[in-house]
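Heads up: the structure comes next, in structure tokens.
Nothing in this text is a laboratory measurement; each read-out follows from the coordinates by a stated rule. Because the structure is predicted, anything quoted here is derived from the model rather than measured. Here the Cβ is made from the backbone with ideal geometry for all residues, glycine too, and neighbour counts use every protein chain on show.
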Amino acid sequence: MAFCVHCGASGEGAFCPSCGKPLGGGPAGGGGGAAPAGTAAGGMTDNVAGALCYLVGVITGILFLVLEPYNKKREVRFHAFQSIFLNVAWIVLLIVLGIVSMAIGMVVPVIGSVVIGLLSFVVWIGFLLVWVILMVKTFNGSKLVLPVIGPLAEKQAG
């Protein structure tokens with residue numbers, strides 16, 4: 001199924017059923033050709049799709065692994081897997097931090113709570129910075145491979 005680059009309608013054959021223009025693009029040499037390189041059938045470039053993989057974490061990561069034009073692109077799949085692995089690691093870290101904070105809170109109530117509170121704040125800020133940097137670098141076309149999670153994501157992406 002082809003999509004019209006002029007109005008976005010889908011159709012079969014040589015001409016758009018909605019606007020009547022050629023589906024493959026404009027006339028030869030007319031400048032209205034097919035979608036730019038890296039653009040999927042839906043019109044979203046790979047860098048935008050990759051950045052959106054990080055937006056809502058596991059949800060958008062899985063979404064881009066399921067959506068048809070994007071699940072065939074290696075770069076988008078890499079960012080989807082890296083987003084999923086990053087967020088799963090983040091959830092595991094929060095659970096471990098919660099358990100440690102309860103244990104330290106029982107042993108050293110006041111000072112332990114302050115130390116764990118500061119540690120939790122630093123971990124939250126660190127995750128927020130990594131999340132924003134991943135989205136910005138991916139949107140700008142760069143590929144940031146995280147130390148442990150990145151090689152796993154590359155292996156899964158193929």
Summing +1 for each Lys or Arg and -1 for each Asp or Glu, what net charge is found among the other residues whose Cβ lies under 13 Å from the Cβ of G50? +3
Using the Kyte-Doolittle scale, which helices in the chain average at least 0.5 and also have C-alpha atoms spread 18 Å or more along the helix axis, with helices defined as whole DSSP H runs? 74-107, 109-139
For the chain, what is the charge dipole size about the Cα centre, in debye to the nearest 20, if Lys and Arg each add +1 at the Cβ and Asp and Glu each add -1 at the Cβ? 160 debye
Compute the separation of the alpha-carbon centres of region 58-112 and region 135-154 and state it in Å as a whole number. 15 Å
Qualifying lysines (Cα of each under 25 Å from Cα of K73; at least 8 residues distant if same chain): K137, K143, K155
For log10 I(q)/I(0) by the Debye sum over Cα atoms at q = 0.09 Å⁻¹, the choices are [x] -0.29; [y] -0.45; [z] -0.40; which was calculated from the structure? [y]
